[in-house]
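Q: One structure coming up, written as structure tokens, with questions to follow.
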Amino acid sequence: MIAQLTGSIVHHGATQVVIEVAGVGYAVQVSPTHALELRLDHITTIVTATIVRDDAISLFGFRSFAEREVFDLLTGVPSVGPKSAMSVLSQLTPAELAAAIADENVNAFKSVSGVGPKTAKLIILKLKDKLTPVASASGAAAANTGVSHSMRQDVVDALVGLGTQLKVAERAVDEALESAEQGATVPTLLRASLAIIGAKR
């Protein structure tokens, strides 16, 4: 099983990239939002899930092992295949998905292609007690560094004001929080988040 790839992006599509590792190009299916964050000829690391079928071996790519864990949980739900799981992750972050499941919010899945109300209810039922620990890491990181929800939101809003997409901004801030020191301030988090976004371009 291929769990992670580090190399140069040599082809960039809307939902697929080719990453070259030691002279071998691997085609990896990614979400549209993830694809937007990747840049041609840039070295990057993509966490992957290998799906083996009778007629093909496919790679699906993610920003983190936490995202892949959510993907694995989704594909463990009856009638939810890899493409449907990727559709869910294209529209909902792990935290948003966990919140939708905790609130039993079927409407949160309305914008997810290929997932109707019945499948949404099944996802909520099957993942009710499984997803919360996976998606709560960013909240725990914020609490451990003494950063309030409003401070986190201030940094996200500032990044959006600078032209960053909302989901990209949220992920950058949460990543910055993971390595932030106790008592971090809005300016220090903003600088760290900008550095993270810049490094991925």
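Q: Give a residue-ordered list of calculated ³J(HN,Hα) values for region 49-57 (Karplus: 6.51 cos²θ - 1.76 cosθ + 1.60, θ = phi - 60°; whole Hz; x for Gly, Pro).
A: These are the phi-based 3J(HN,Hα) values: 10, 9, 10, 9, 10, 4, 10, 6, 10 Hz.
Q: Additional query: Taking the beta-carbon count within 10 Å as an exposure proxy, list Val70, Val115 from fewest neighbours to most.
A: On the way: Val70 26, Val115 22.
Sorted ascending by nearby Cβ count, the order is Val115, Val70.
Q: Right, something else. Sort 11-17, 61-67, 1-7 by packing, meaning the average of other beta carbons within 10 Å per residue, with the highest value first.
A: Details: 11-17: 14.6, 61-67: 19.6, 1-7: 13.0.
Those peptides, ordered most packed to least, come out 61-67, 11-17, 1-7.
Q: Given a cut-off of under 8 Å on Cα pairs at least six residues apart, what relative contact order in percent is computed for region 4-62?
A: On the way: 124 pairs, mean separation 20.6, N = 59.
For region 4-62, the relative contact order is 35 percent.
Q: List every residue whose amide H lies under 5 Å from the amide H of Val21, counting only residues 5 or more places away in sequence or on a different chain, with H placed 1.01 Å from N in the peptide plane.
A: Here the answer is Tyr26, since their amide H atoms fall under 5 Å of that of Val21.
Q: Is region 49-140 best put as rounded, prolate or oblate by its Cα gyration tensor, with a ≥ b ≥ c the root eigenvalues, rounded for a/c under 1.5, and otherwise prolate when a/b is larger than b/c, oblate when not?
A: Values: a/c = 1.87, a/b = 1.26, b/c = 1.48.
Oblate.
Q: Enumerate the amide H contacts of Gln16 below 5 Å, restricted to partners 5 or more residues apart or on another chain; note that Pro and chain-start residues carry no placed amide H.
A: Close amide H contacts, sequence-distant or interchain: Val30.
Q: What distance in nm lies between label points placed 7 Å from Cα along the C-beta direction at Gln165 and Lys121?
A: So the label points at Gln165 and Lys121 sit 3.2 nm apart.
Q: Further question: Where a Cα-Cα gap under 20 Å defines reach, which lysines qualify for Lys200, not counting those fewer than 8 residues away within the same chain?
A: Partners within reach: Lys167.
Q: Here's a follow-up. Which of Ser84, Ser179, Ser31 comes first, and how do the rest follow, when ranked by fewest Cβ neighbours within 10 Å? Provide the component values of the computation, followed by the final result.
A: Details: Ser84 19, Ser179 11, Ser31 23.
Least to most surrounded, the residues fall as Ser179, Ser84, Ser31.
Q: Report Rg(Cα)/(2.2 N^0.38 Å) for the chain, keeping two decimals.
A: Values: Rg = 17.3 Å, N = 201, 2.2 N^0.38 = 16.5 Å.
In units of the 2.2 N^0.38 Å rule of thumb, it is 1.05.
Q: So how do Asp129, Asp54, Asp103 line up by other beta-carbon neighbours within 10 Å, fewest first?
A: On the way: Asp129 8, Asp54 4, Asp103 11.
Ascending number of Cβ neighbours within 10 Å: Asp54, Asp129, Asp103.
Q: Expressed as a rounded percentage, what relative contact order does the chain have, with Cα pairs under 8 Å and six or more residues apart?
A: Working: 297 pairs, mean separation 29.8, N = 201.
It comes to 15 percent, rounded to a whole number.
Q: Something else now. From the backbone phi of region 110-126, what are the Karplus-calculated ³J(HN,Hα) couplings (6.51 cos²θ - 1.76 cosθ + 1.60, θ = phi - 60°) in whole Hz, Gly and Pro given as x?
A: Ordered by residue, 3J(HN,Hα) equals 4, 8, 8, 5, x, 10, x, x, 5, 5, 4, 5, 5, 4, 4, 5, 6 Hz.
Computed from the coordinates by the stated procedures, all read-outs in this text should not be read as laboratory data. Owing to the predicted nature of the structure, the values given are computational and were not obtained by experimental measurement. Don't worry about glycine lacking a Cβ; one is built from the backbone with ideal geometry, like all the others, and counts go over all protein chains shown.
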